C-alpha cells in the first residue's frame, strides 16, 4: 500500500499531540517551542515543524513513549517522512524532485555522467588560452555554468514561495532573520540544547560530529562561492583573467573550500551509515546518500 | 565474571546514584534491573524535575528556596506525617546534589511552559527523566559498573542480620550472587494489583498505574516477610487524578489533566463532591487521586465549557465534546437529569466573575453551594461543552523499608549490617501521606548517594 502525504500528516499529528501533552523536550531544539504554541495542528503547521527538525534525535532517546510503549513515538522519523514529502510537494520542478528523491544515487551518477560527456564534447572544441581555458573557453564555461547557477536560484525561489504560502508564513522581521542566521551559522539545532551535540550516530551519546561535518560543508561551500565571486570580480572588474597563481584570492579561498566540502560530505555520509535508519525517512535514504555524494 | 562487592537491586534514579557513588569509591558494582533495557529506569523515566533547596540562584533555579520554606511545604502536604530529622537531612543535602548530578551528565533547563510557578523550587531535566536515566547509565558504564537487564531478584537470604546471598532470575535461569553489600532501590509495589487490592480493598482494581509495571514489590515483600522493619501505611501512595482513558500502566505525564480548577467535577451519580477551586493545581493535583478513589466505581467527570478549553495544558486524549449539557452527560454515561441539575445549581451559585484570573487564586467563588467552589467559579454555559473522565493514577506506594539516616535497614532493633535502601522503596519514611512535586527524586538522589557510600565503605573494609 502506498503511503500518502495525508497519512504522513496524520501520523505526525498523532505524535505532535502526544508531545504537546508532555513537553519534556522543550529545550532541545526549535521544533518544540513552536509545537507547544499550537493546540490543533494543521498540515501547514506540521510541515513547518517537519522542516524545523534537524533529525538530531535527542527527543527520541529522551522519550518515555518510544516502542515498545503502545504510544510508539518516533518523532524524528515522523517529521523526516513528512519533511521529505513536503520537499517533493513544494520543490520545483516537481517531476524532477520526485525522481531525484526516490532514486538519488542513480540520478547523481546520471548527472556525473552527463557532465563527463559535456566535458568530452567541450574537449573536442578548440581551447583558446592558458590554464583551464586551454581546455574550455571562457565563453563555453559561462554558457554552461551560468544557467547551472541561475536555475537552482529560480527553483529555490519558486519552491520557497510555495512553502511559505502552505505553512502560512508571515512577514519577516530583521530580528527573526538575525536569529535564524545565527542559529544556522552555529548549527544550534544540532547542539542538543545544552551545546553538547546530537544523538545521531551513537545512540544516546551526544556528539558534535554531525554539527562539525555540516559546518565543514557549509563553510566549504561559502569559501568556494567566495572564490568564484572573487574570480568573477578579477575577470570583469580588474581585467585579470584566469589562470590565477596559488597565492591569489580565488585559489586561497577555493582550495580549502573544496577540501572542506569534500571532507564534510564524506564525514556526513559515514555518520549516516552509522546512524539508525529507523529514526529517519527510510523511503528516501537512497536520495539522501545521492545528495551527499553529489 | 567476578563477584561484585556491591549489588544494587533496581535500575532507576536512586539505584544509579548508589551504584555510581559506590563505584567512584572503588567498589565493583553490579546493577540488577528487572526491566528490559528499553524500559530501564523504573519510574524515573517518567519524572521531570528535582526539588532543591538553595540559598541563592543555583543552576536553573532562580532566587532562593531555604530549608525552612522547603520543610514547611513538605509539612503542608504530608499533614505533619513525616520524619522531620530525615526530611531536614534530605532538604539540606539537596543543594549539593544539583552540581553532583550535572557532573554525571544530567542537564537542566529553565522551567517548562505551563510549570513556571516551579522555577524557584524545582530544577527540570532537559529531555525529562529518561534523559537523566540515560546520562547515569552512560556514566555508570564509564565507571565500569555491570548492568544486567531483565534480572528479577526473587530472594535475599539472610543470616544473623546480614544478607548472605541474593537470588535472581535472568533469561529463564536462576542465579545466585554473594555480594559484600546490597542496596535495595527497587521502588514500591504498585505494579502488583493484587497487593494493592489487599491493601485498599477491591476498589484498587480500578486504579491506573502511571509508571513502570516492573515495580511489583517482590524484593520488598521478601524482606518484610523476613522481619525487616517496615515504614508507612499500606493504603498511602502518591496518586493523582488522571485521564480515565489512560493505559493501565506507564501512561506517564501525558495522561494528567489540569482542567479541574476550571471545571465542575461530578461523580458517577452526577453529584459534586469537593471544592474544585480550593487552590492552584500544582498544590492540589496530588489530593485528587484519593478523592476520586473514594467515589463509587473510582471514577469522576470534569465538565468545562468553551470558555475554559485553552486555559490548561492539553491532555493526550481529546475531550468528549457536545453542544448541550444533556448530550454531554449522555456521551459521558452520566445520569442526564441529575448531572444537569448539578450544573444548574452550580451556575445559580456563581456570582460576579469580573475578577477571574486563571493563573492565581482569584476568589471568584460560589455562594450558598455545598461543597463550594472557592476560586475560578465561572458559569458553565457556553457551548460546546467538554468532558473528561478521571481515575486515580498511582505513582508509587508508601509502604516500604524503614531506614536510618545512613540509609541502613534494620531487623528487630539491630541494623542489617550490609543492607541499605534508597528511593521509593523507603520514601514512606518521609512521605507519610501526600506528595510534594519533585521530592521523590530528591529523596532518591540523597539516599542513593548515602546508600552507595555506606555500601562501598563496608565492601572496601571487608575486601
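Where a number appears in this text, it was derived from the coordinates with a stated rule and is not lab data. Being a predicted model, the structure only gives us computed values, none of them experimental. Here Cβ is always computed from backbone atoms with ideal geometry, including for glycine, and neighbour counts include all displayed protein chains.
From helices alone, the protein assembly as shown scores -14000 deg cm²/dmol at 222 nm; the rule is -39500 (n - 2.57) for each run of n ≥ 4 DSSP H residues, then divide by the residue total. Across chain B, Cα pairs under 8 Å and at least six residues apart give a relative contact order of 24 percent. Between residue B:224 and residue A:221, the C-beta separation translates, for a Förster distance of 60 Å, into a calculated FRET efficiency of about 0.35. If one puts a single equal scatterer on every Cα of region A:234-294 and applies the Debye formula without solvent, what log₁₀ I(q)/I(0) results at q = 0.12, 0.15, 0.23, 0.28 Å⁻¹? Listed by q, the Debye log ratios stand at -0.50, -0.62, -0.92, -1.12. If the chain linking residue A:4 and residue A:276 were pulled fully straight, counting 0.36 nm for each residue of separation and taking away their Cα-Cα distance, it would gain 95.6 nm.
Report, for the protein assembly as shown, the % of DSSP beta bridges that are antiparallel, rounded to 5. Antiparallel bridges make up about 75 percent of those DSSP assigns within the protein assembly as shown. Principal-axis analysis of the Cα atoms of chain B puts helix B:67-78 at an angle of about 70° to the longest axis.
Against the main long axis of the alpha-carbon atoms of chain B, helix B:281-293 sits at an angle near 90°.
Counting only other chain Cβ atoms within 10 Å of each residue's Cβ, the peptide B:122-129 averages 6.
Counting, for every residue in B:102-113, the Cβ atoms of other protein chains within 10 Å of its Cβ and taking the mean gives 3.
Taking 7 Å steps out from each Cα toward its Cβ at residue A:259 and residue B:38 produces label points 4.7 nm apart. Helix B:129-142 and the longest principal axis of the C-alpha atoms of chain B enclose an angle of approximately 10°. With the simple spin-label model, which puts each label point 7 Å out from Cα in the Cβ direction, the residue B:357 to residue A:203 separation comes to 5.0 nm. Peptide B:248-261 shows a mean partner chain C-beta count of 3 within 10 Å per residue C-beta. Length gained on full extension, residue A:196 to residue A:94: 32.9 nm, using 0.36 nm per residue less the C-alpha separation.
One quarter of the convex hull surface built on the alpha carbon atoms of region B:239-393 amounts to 8.0 nm², the projected area averaged over directions. Legend: calculated FRET efficiency, residue A:249 to residue A:70, from the Cβ-Cβ distance at R0 = 51 Å, rounded to 0.05, equals 0.25. For the pair residue B:171 and residue B:461, the difference between a 0.36 nm per residue extended length and the Cα-Cα distance amounts to 101.0 nm.
Computed from label points 7 Å out along Cα-Cβ, the spacing between residue B:404 and residue B:3 is 2.6 nm. Which FRET efficiency, nearest 0.05, do residue A:269 and residue B:148 yield, Cβ-Cβ r, R0 45 Å? Efficiency computed from Cβ-Cβ geometry: 0.75.
Could you pull out which residues in region A:165-203 have an amide N less than 12 Å from a spot 7 Å beyond the Cα of residue B:138, following the Cα-Cβ vector? Of the residues in region A:165-203, A:192-203 have backbone N under 12 Å from the label point off residue B:138.
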